[in-house]
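The values are calculated or read from the model by the stated rules, or taken from the named source; none is laboratory data. Note that the structure is a prediction, hence the values are computed from the model and not measured. Heads up, the Cβs are rebuilt from the backbone with ideal geometry, glycines too, and the neighbour counts pull from every protein chain shown. For the accessible areas, the whole protein counts, side chains as well, though only heavy atoms, and no ligand, DNA or RNA atoms are used. Shrake-Rupley method; radii C 1.70, N 1.55, O 1.52, S 1.80 Å.
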Amino acid sequence: LCTEYENLFVAPANHSLELMGMNLERFWPRENISHNNTELAEQTFITYLDNYSDYIAKNFDTDVFGLTAGMDSRTMLAPLLAKNVNIEAFTLLRGGESNRQDMEGAKALAAKFGFSHTQINVSTAKSRLEGYFDPSRKVLRMNGGPHRLNAVYSNDAFFKHFKDNLSDNCSFTRGFGGEIIRGFYQKSGQQLKEATASKFAGLTGILGDSDLVKLYFQHFIDNLGYDKCFDADLFDIFYMEHRMSKWAANSLNETDITAHSIVGMSCRKLYEVNMGLPFEYRKSREVFKKSISHFCPELFDIEIC
């Protein structure tokens with residue numbers, strides 16, 4: 001798939017690359033995924049979180065945790081608390097009322113459970129300017145390859161704050177991917193059944209009417225097997241492949257120079273069983289609530305934003 005660099009391409013998730021002909025071939029999903037087995041979805045989520053938190057607890061001294069007051073963050077935090085993992089949490093201050101509420105909720109969670117919490121201010125013009133031109137940002141760009149222009153100051157602040165304060169044996173976790181599982185992007189509940197450049201461009205919300213953007217998404221569609229997705233909602237497939245295997249993967253590269261990094265909810269089985277459920281159940285976030293209750297129900301004592 002095209003990137004912002006000439007003759008540099010990205011092979012997204014769920015496709016294999018045949019090197020001789022340089023052809024992409026879709027290998028997932030492998031069958032229809034629709035079902036009504038909510039118990040299966042809940043148990044799959046709990047098993048995933050159990051294994052993830054075991055890995056962190058056994059291999060790292062500290063988990064640097066990107067904390068918000070929301071559901072996705074809390075779901076990733078719950079098993080870490082259950083297993084007494086040492087948490088070094090932070091929340092980015094970006095400005096705005098919703099972010100202020102997020103910050104207050106994060107502070108309350110840290111106070112209740114007794115782990116360290118830091119506010120990193122990236123809301124000022126100075127922080128944005130320094131974040132773009134600071135020498136540490138050059139290191140991040142060199143490490144990350146195609147980078148996320150809207151987040152340069154955030155990653156720069158993260159790097160500068162933690163690079164000298166942490167041991168070499170720490171990991172970084174954030175709840176990326178949860179929004180896809182709970183159907184955040186399908187707010188209307190209407191399934192997307194046909195992939196078009198205009199529809200995909202509109203989903204990004206950035207220059208959606210641009211002919212250049214549509215050209216790039218047509219390249220995306222022409223090279224990926226969107227006609228081989230069985231009954232999966234193409235909203236889900238698009239965000240899994242476009243957001244998670246490029247945007248989130250770049251985030252992983254950028255933060256790896258500070259701490260070993262994990263893109264929170266990134267597992268085909270986890271996606272499959274949850275994406276296959278009826279939209280209304282996904283929208284209820286019930287599978288997240290059941291997982292939190294399993295590991296640390298006290299997290300519900302603090303209001304969810």
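Overview of results
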{"read-out": "Radius ratio Rg over Rh of the range 1-118, counting only Cα atoms, Kirkwood formula for Rh", "value": "1.11"}
{"read-out": "Share, in percent, of DSSP beta bridges within the range 1-107 that are antiparallel, nearest 5", "value": "55"}
{"read-out": "Glu25 versus Asn51: modelled label distance in nm, points set 7 Å from Cα along the beta carbon direction", "value": "2.6"}
{"read-out": "Relative contact order computed over the range 1-133 (Cα-Cα under 8 Å; 6+ residues apart), in percent", "value": "16"}
{"read-out": "Summed residue charge, Cβ within 11 Å of Asp63's Cβ, Lys/Arg positive, Asp/Glu negative", "value": "0"}
{"read-out": "Compactness of the range 147-305 as Cα Rg over 2.2 N^0.38 Å, two decimals", "value": "1.19"}
{"read-out": "Lys289 - accessible surface, heavy atoms, 1.4 Å probe, Å² rounded to 10", "value": "70"}
{"read-out": "From the coordinates shown, Rg and Dmax of the Cα atoms in Å corresponds to which of (1) 23.2, 70; (2) 19.7, 57; (3) 20.8, 69", "value": "(2)"}
{"read-out": "Potential lengthening between Lys228 and Asp168 on full extension [0.36 nm per residue; Cα-Cα distance subtracted]", "value": "17.2 nm"}
{"read-out": "Label zone at Asn59, where the point sits 7 Å out along the Cα-to-Cβ direction: the range 243-262 residues whose backbone N lies under 11 Å", "value": "260-262"}
{"read-out": "Accessible surface of the chain [probe 1.4 Å, protein heavy atoms]: carbon and sulfur percent", "value": "50"}
{"read-out": "Residue-level accessible surface for Cys305, protein heavy atoms, 1.4 Å, Å²", "value": "80"}
{"read-out": "Accessible surface, per residue, of the chain when the full set of protein chains is kept, probe 1.4 Å, Å²", "value": "49"}
{"read-out": "Residue among Asn86, Tyr48, Asn59 farthest towards the positive dipole end of the chain, charges placed on Cβ", "value": "Asn86"}
{"read-out": "Label point distance in nm, Thr124-Glu18, each placed 7 Å from Cα along Cα→Cβ", "value": "5.7"}
{"read-out": "Among beta bridges that DSSP assigns inside the chain, antiparallel share in %, nearest 5", "value": "20"}
